[in-house]
Amino acid sequence: MSTGKITENKTQHDAVIEVKDVTKNFVVGKNTIQALKKVDLVVSATDFMVIFGPSGCGKSTLLNIILGLDKPTAGEVEIRGKKINLMSEDERAAFRAEKIGMVYQMPYWIKSLNVLENVSLPLLVRGLSQGQSLIRAKEVLADLNLSDFSGQFPTQLSGGQQQRVGLARAIVTNPWILMADEPTGNLDSKSGEDIMKLFLELNKKHKRTIVLVTHNEDYWNFGNRRVEMSDGEIIEDKRHG
Ligand SMILES: Nc1ncnc2c1ncn2[C@@H]1O[C@H](COP(=O)(O)OP(=O)(O)OP(=O)(O)O)[C@@H](O)[C@H]1O
Ligand SMILES: [Mg+2]
């Protein structure tokens with residue numbers, strides 16, 4: 001159909017992530033689980049994509065394959081035209097650290113470091129000086145209205161506050177893409193909504209591409225695109241807003 005063609009050309013033009021014909025099988029004993037079945041997905045630079053679907057349908061597997069943490073059984077993934085399955089393990093890790101920010105259901109902290117130090121850590125790992133890292137971490141915390149927490153230890157904060165600091169840490173390296181797997185899973189509805197609004201701001205104001213998995217149907221229409229998965233396949237991909 002002609003309208004489909006126009007959309008396709010546009011999305012391919014500014015594609016950030018291209019998942020091409022990706023299949024993922026897990027072999028457990030004598031059984032093979034088909035976690036992903038020939039999945040095709042193009043994520044545009046401006047997308048805030050919300051992915052949902054029943055438990056076990058392959059959402060986390062898809063995210064892990066895009067991140068290069070797991071290898072597809074067949075098919076390939078390109079990020080801004082770069083084939084991640086052709087990279088070495090080290091190249092992939094460096095690429096991930098620089099270009100993709102990741103947020104999980106429970107943020108992981110170095111407990112002996114305060115909020116500011118935890119947020120600066122990805123920059124130290126990338127080789128920035130401690131001074132430069134702390135300056136940039138302060139900027140990001142201020143940007144997200146989190147400066148008040150700088151000197152506290154993450155474990156002294158509420159779940160929602162920790163998740164917001166986790167988001168600051170995920171964007172401190174200025175990644176192209178932010179990926180999140182159930183980031184509101186442990187939060188009450190008010191804190192969950194605050195997190196979703198922060199993602200929206202990062203998408204709109206800071207022009208980050210966002211791919212987010214959630215079970216919470218209140219958030220399925222939060223971004224500009226909703227993708228429904230079932231049994232290893234994408235069964236609906238709807239743009240709105
Ligand atoms: N490392 C693994 N080894 C074997 N099977 C796996 C592995 N990881 C995932 N699977 C299987 O692949 C399928 C998809 O799992 P996945 O974790 O992607 O689901 P999900 O959609 O993220 O579910 P949930 O909403 O519960 O997080 C499931 O049947 C799961 O049991
Ligand atoms: Mg999952």
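The values are calculated or read from the model by the stated rules, or taken from the named source; none is laboratory data. Note that the structure is a prediction, hence the values are computed from the model and not measured. FYI the Cβ positions are ideal-geometry reconstructions off the backbone, even for glycines, and counts take in every protein chain you see.
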(message) Looking only at residues that are among the small types (Gly, Ala, Ser) and away from ligand 2 (no atom under 16 Å from the Cβ) in the range 28-44, which one is nearest to the chain's Cα centre (by Cα)?
(response) 44
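Residues checked against (1) within 16 Å of ligand 2 (Cβ to nearest atom); (2) among the charged types (D, E, K, R); (3) free of Cβ contacts under 8 Å to residues at least 40 places away in the same chain; (4) under 26 Å from residue 23 (Cβ atoms):
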position	(1), (2), (3), (4)
131	no, no, yes, no
136	no, yes, yes, no
144	no, no, no, no
147	no, no, yes, no
162	no, no, no, no
198	no, no, no, no
205	no, yes, yes, no
238	no, yes, yes, yes
(message) Of everything in the range 183-200, what is more than 10 Å from the chain's Cα centre (by Cα) and part of a loop (DSSP other than H, G, I, E, B)? Give them in sequence order.
(response) 184, 185, 186, 187, 188
(request) Inspect all residues belonging to the range 206-229 and state whether any of them is over 19 Å from the mean Cα position of the chain (by Cα) and surrounded by 20 or more Cβ atoms within 10 Å (Cβ to Cβ). (result) no
(request) Determine which single condition residue 90 fails, assuming it passes every other condition in (1) within 14 Å of residue 171 (Cα to Cα); (2) not in a strand (DSSP E or B). (result) (1)
(message) Take the residues in the range 25-78 that are part of a loop (DSSP other than H, G, I, E, B) and among the small types (Gly, Ala, Ser); name whichever of them is modelled with the lowest pLDDT.
(response) 68
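Here is a check on your reading of the model: is residue 116 over 29 Å from residue 215 (Cα atoms) and surrounded by fewer than 18 Cβ atoms within 10 Å (Cβ to Cβ)?
Numbers: over 29 Å from residue 215 (Cα atoms): yes; surrounded by fewer than 18 Cβ atoms within 10 Å (Cβ to Cβ): no.
It is false that residue 116 is over 29 Å from residue 215 (Cα atoms) and surrounded by fewer than 18 Cβ atoms within 10 Å (Cβ to Cβ).
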(message) If I filter the range 147-170 down to residues being buried (at least 21 other Cβ atoms within 10 Å of the Cβ) and among the hydrophobic types (A, V, I, L, M, F, W, C), which single residue comes out as nearest to residue 195 (Cα to Cα)?
(response) 167
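Answer yes or no as to whether residue 222 is in a loop (DSSP other than H, G, I, E, B) and in contact (Cβ under 8 Å) with a residue 24 or more places away in the chain.
Details: in a loop (DSSP other than H, G, I, E, B): yes; in contact (Cβ under 8 Å) with a residue 24 or more places away in the chain: yes.
Criteria met by residue 222.
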(message) So, residue 228, is that one free of Cβ contacts under 8 Å to residues at least 12 places away in the same chain and acidic (Asp, Glu) or not?
(response) no
(request) Of all residues in the range 113-129, count the ones that are without any contact (Cβ under 8 Å) to a residue 24 or more places away in the chain and of a type in the set (Gly, Ala, Ser). (result) 2
